[in-house]
Amino acid sequence: PLFKAVPHQGNPVITEEDIKHIFSSLQVIYNYNVFLLQDLKERIKNWQNQNTKLGDIFLTMSHFLKTYQDYVKNYSNAIQTLSKCRKNKDFEKLYEELNNDARCGGLNLSSFLIQPIQRVPRYLLLLQELLKFTPQEHIDFNDLTQAHKRIKEVADVLNEAERTASNLNKLFSIQSLLNMEQSLLEPHRRYIRECAAEVTTREVTTPTERFLLLFNDQILVLRFKLKKEKAPKTLENMKTLVLEEAIKFVDTLVQANGTTLIINHPPTNVEMLRITLPDSQEREEWLEDIKASIILSVERRRTASVILKRKELSRKTLQ
């Protein structure tokens with residue numbers, strides 16, 4: 001459907017170049033899996049307990065796993081490109097139509113894009129199960145062992161990439177709900193946690209139900225905003241607290257109806273944010289996560305500053 005949206009003239013809803021950036025080597029991965037499925041079906045159709053092998057099929061497939069690595073390397077670019085395209089109203093309309101297609105099973109495009117990254121660990125789990133029930137003297141044991149070893153090597157490389165991809169997918173999902181121009185899709189940004197809580201700020205002193213998002217570099221205080229009738233809700237950003245600039249915890253107050261977290265501005269000691277969380281455990285988790293995020297955020301800034309100074313010194317030396 002997206003290729004059909006690319007006209008030969010005029011202003012396209014999406015360009016062929018953008019489609020390539022979004023889907024990368026997905027067609028190649030799909031073709032490999034079609035062949036894999038065909039081979040497995042044929043073996044299972046003619047199954048003989050002592051003489052049938054599956055390991056050689058996975059062993060052959062393992063030689064093509066570099067395609068998954070290429071796909072993972074492009075994933076960030078894919079999500080960024082999709083986010084850019086969604087700023088086009090015509091594309092956004094098409095995007096929503098495709099998401100509502102019954103064949104998608106309620107999943108959106110970004111949910112499908114992450115699935116190839118999750119595929120290799122599933123192959124690994126499958127081979128582990130096959131090995132568990134395959135005697136060492138079986139004709140298939142050696143091939144299953146070799147296939148498991150090769151796929152594990154690739155899976156180990158992809159594990160960190162999968163965590164990064166999952167984080168990007170979460171950020172993209174949040175961005176889709178946010179009614180704000182600023183993009184959340186920054187290379188360094190990591191989603192940490194979220195919750196609904198009663199919040200007061202310097203601007204709004206009456207406790208108000210808000211939705212909080214904690215990232216490794218900032219806290220967003222949001223409220224649900226109803227769009228037109230039958231349209232989905234969006235989140236409106238009411239306040240952004242940048243962790244590395246001037247936020248620290250100076251006190252916590254335990255109240256009868258819950259636990260309150262107070263965030264003050266260090267130089268002035270003026271209260272910036274008061275959060276009443278559902279229970280003491282969640283309050284402790286938020287407190288620890290914010291403290292850790294502040295430390296890591298400051299360290300990241302210091303590291304970036306050191307690298308910048310070294311580059312500047314190297315440049316001056318070369319001159």
Assigned to a helix (DSSP H, G or I), surrounded by 15 or more Cβ atoms within 10 Å (Cβ to Cβ) and touching a helix residue (DSSP H, G or I) at 6+ places or on another chain (Cβ under 9 Å): is that true of VAL72 in this structure? yes
Contacts under 6 angstrom Cβ, first residue in segment 20-36 being on the phi > 0 side of the Ramachandran plot, partner among the polar types (S, T, N, Q) and open to solvent by less than 60 Å² (accessible area, probe 1.4 Å), 6 or more apart: SER24/ASN74
Scan segment 150-171 and tell me whether some residue there is exposed (fewer than 15 other Cβ atoms within 10 Å of the Cβ), outside any helix (DSSP H, G or I) and on the phi < 0 side of the Ramachandran plot. no
If TYR191 satisfies every condition in (1) modelled with pLDDT of 85 or more; (2) open to solvent by less than 80 Å² (accessible area, probe 1.4 Å); (3) farther than 25 Å from ARG300 by Cα but one, which is the exception? (3)
SER183 outside any helix (DSSP H, G or I) and surrounded by fewer than 18 Cβ atoms within 10 Å (Cβ to Cβ): yes
Filtering segment 84-106 down to residues that are more than 19 Å from LEU171 (Cβ to Cβ) and not in a loop (DSSP other than H, G, I, E, B) yields LYS89, ASP90, PHE91, LYS93, LEU94, GLU96, GLU97, LEU98, ALA102, ARG103, CYS104
Among the candidates LYS93, LYS84, single out the residue that is free of Cβ contacts under 8 Å to residues at least 12 places away in the same chain and of a type in the set (Lys, Arg). LYS93
Taking segment 28-69, which residues are at pLDDT 90 or above, loosely packed, with under 11 Cβ neighbours inside 10 Å and under 30 Å from ASN169 (Cα atoms)? VAL34, LEU37
Does LEU253 satisfy the condition of being part of a strand (DSSP E or B), modelled with pLDDT under 85 and under 30 Å from the mean Cα position of the chain (by Cα)? no
Name the single residue that is least open to solvent (accessible area, probe 1.4 Å) among those in segment 108-138 being out of contact with any helix residue (DSSP H, G or I) (no Cβ under 8 Å at 6 or more places or on another chain) and not basic (Lys, Arg). HIS138
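The values are calculated or read from the model by the stated rules, or taken from the named source; none is laboratory data. These figures come from a predicted structure and were not determined experimentally. Please note: Cβ atoms are built from the backbone with ideal geometry, for glycine as well, and neighbour counts cover all protein chains shown. All accessible areas refer to the heavy atoms of the entire protein, side chains included, with ligands and DNA or RNA removed. Shrake-Rupley method; radii C 1.70, N 1.55, O 1.52, S 1.80 Å.
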